[in-house]
1. If you check A:Arg97 against the conditions, is it touching a Lys or Arg at 6+ places or on another chain (Cβ under 9 Å) and either at negative phi or at pLDDT 95 or above (or both)?
2. Among the candidates B:Ala83, B:Ala67, B:Ala102, single out the residue that is modelled with pLDDT of 95 or more, surrounded by 17 or more Cβ atoms within 10 Å (Cβ to Cβ) and within 16 Å of DNA strand C (Cβ to nearest atom).
3. From the list A:Ala113, A:Ala89, A:Ala148, exactly one residue is of a type in the set (A, V, I, L, M, F, W, C) and in a loop (DSSP other than H, G, I, E, B). Which is it?
4. Considering A:Ala74, A:Ala152, A:Ala120, which residue is closer than 18 Å to A:Gly34 by Cβ and either within 16 Å of DNA strand D (Cβ to nearest atom) or touching a residue at least 40 places away in the same chain (Cβ under 8 Å) (or both)?
5. Of the numbered conditions (1) without any contact (Cβ under 8 Å) to a residue 12 or more places away in the chain; (2) within 9 Å of DNA strand C (Cβ to nearest atom); (3) within 14 Å of another protein chain (Cβ to nearest Cβ), A:Asn50 satisfies every one except a single condition; which is it?
6. For segment B:25-38, enumerate the residues that are within 14 Å of DNA strand C (Cβ to nearest atom) and free of Cβ contacts under 8 Å to residues at least 12 places away in the same chain.
7. Report, by residue number, each residue of segment B:105-117 that is open to solvent by less than 30 Å² (accessible area, probe 1.4 Å) and free of Cβ contacts under 8 Å to residues at least 40 places away in the same chain.
Number of protein chains: 2
Amino acid sequence: MTPPAPPQRRSAESVRDTPTRILDAAELLFVDRGYAATSVRAIAERAGVNLGAAHYHFGSKQALFGAVVERCFAPIQEQRNRALDALLAQSSQPSVREIVEAFLVPLSASPAAEAPRLIARLFGEPTSISQPLIEAQFGPSFERFTEAFQRALPELEPTEIRWRFHFAIGAMVHTLATAGPISAPSVSRHDAIDRLTAFATAGFITPPDTPRAQEKIT
Amino acid sequence: MTPPAPPQRRSAESVRDTPTRILDAAELLFVDRGYAATSVRAIAERAGVNLGAAHYHFGSKQALFGAVVERCFAPIQEQRNRALDALLAQSSQPSVREIVEAFLVPLSASPAAEAPRLIARLFGEPTSISQPLIEAQFGPSFERFTEAFQRALPELEPTEIRWRFHFAIGAMVHTLATAGPISAPSVSRHDAIDRLTAFATAGFITPPDTPRAQEKIT
DNA sequence: GTCTATATTGGGATAGAC
DNA sequence: GTCTATCCCAATATAGAC
């Protein structure tokens, strides 16, 4: 689909090419309202292009959504995989916290500011729309991280590992989706990721059967 | 709004009254597809009633959604508050795990099987729709639990308490939303809540500043 | 209280001009 | 490659018959 790196001049306020403008507008609206509540008309309007152009370039609303998701996911997944590669290269057995960080930090370093919130939206869409995209974009990296967690926590059953990863992803998605609707006043994304890293790491490394063991601290 | 407990005969397959049938159908479809992707037409069709009846009884799609949410939330919030009351009555200082359980267990004991998934859906909707409903149904109980956590973990700053509660809610919502899209094979809800309780408790009680302290277990 | 019919709006998609 | 105009359908909501 994506042509081999179009010229993409980046002068500050230059007019980007039409597909990019459509993608930008679509990303913003999909993040804001979700898939079903966003119309292609509204996207075209915000992008300053004609409705017909959107269908010409992307074919359908669903395909446009897929393109937006892919553009957001790709760099984050790449960073995650690179971070995990680096970890495995420097140590045969990285700590749980290091693996968690490799998974979460790319979110706060993402170039597209709206990317994390789009991820959160994606998980909220009906499975008919989200499932294939999640599998395609997220699946491979998910398996790699699951293996890494398993090696770091050999005393946990594979099922338990997957559940805990599932919980961590849930906390992540919810945190990205809402800058704190019920929670604290909005803080920097970096701060939130730091706190989440500590929370998720603690959840991962807690003993499986006797969760009352470390009840009281200090 | 709700009339004073209508007769509601409950013979196994008896025809429930029209508003109830509409609510049932709406709950099922909202859970399945989300708010925006669900039409009042589809709801009326599935309920076996006419389109006009839905608008007569509930006024608008948004009001119908609100009614569905309230019907699902009310019993769970009641159970949560009762569980917290019981805890505070029997001990001046319940443990973190007990508070987490008081918050989570009502989800697996909910009468309406679809209620938890509706909660998850609600959090995924655009804030213009979800925010008022979340505040109204969820807010008061949220404050009570936040206070309880704060008393159980006096060494944590209030901001940190709210973040950790936020993470726990995220893990909960994500778990309820998906019976494991990426995660393990679908297990009983009770089992999932048990595992989540252990995970969230560990996240809550981890020391704030030195998260590497308890890195390796066993 | 429930249904029929309809008003009105907005959506996705396409054909064809430029 | 982009825009205009339009088709067709589905949506919310309402007015009025029964």
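The values are calculated or read from the model by the stated rules, or taken from the named source; none is laboratory data. What you are looking at is a predicted structure, and each value in this text was computed from that prediction instead of being measured. So basically every Cβ, Gly included, is an ideal-geometry build from the backbone, and we count neighbours across all protein chains shown. Ligands, DNA and RNA are excluded from the accessible area calculation, which covers all protein heavy atoms including side chains. Shrake-Rupley method; radii C 1.70, N 1.55, O 1.52, S 1.80 Å.
1. Working: touching a Lys or Arg at 6+ places or on another chain (Cβ under 9 Å): yes; either at negative phi or at pLDDT 95 or above (or both): yes.
So A:Arg97 passes the test.
2. Working: B:Ala83 fails: within 16 Å of DNA strand C (Cβ to nearest atom); B:Ala102 fails: within 16 Å of DNA strand C (Cβ to nearest atom).
Result of the check over B:Ala83, B:Ala67, B:Ala102: B:Ala67.
3. Working: A:Ala89 fails: in a loop (DSSP other than H, G, I, E, B); A:Ala148 fails: in a loop (DSSP other than H, G, I, E, B).
After ruling out the rest, the residue left standing is A:Ala113.
4. None of the others qualify; the one that does is A:Ala120.
5. Every condition holds for A:Asn50 apart from (3).
6. First, pick out the residues of segment B:25-38 that are within 14 Å of DNA strand C (Cβ to nearest atom): B:25, B:36-37.
The one that is within 14 Å of DNA strand C (Cβ to nearest atom) and free of Cβ contacts under 8 Å to residues at least 12 places away in the same chain: B:Ala37.
7. As a first pass, look at segment B:105-117 and keep what is open to solvent by less than 30 Å² (accessible area, probe 1.4 Å): B:106-107, B:110, B:115-116.
Scanning segment B:105-117 gives B:Pro106, B:Ser110.
Listed here are the residues, each with its yes/no results for (1) within 16 Å of DNA strand D (Cβ to nearest atom); (2) modelled with pLDDT of 95 or more; (3) within 29 Å of A:Ile161 (Cα to Cα).
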| position | (1), (2), (3) |
| --- | --- |
| A:Ala26 | yes, yes, no |
| A:Asp32 | no, no, no |
| A:Ser39 | yes, yes, no |
| A:Ala44 | yes, yes, no |
| A:Ala53 | yes, yes, no |
| A:Ala89 | no, yes, yes |
| A:Ser92 | no, no, yes |
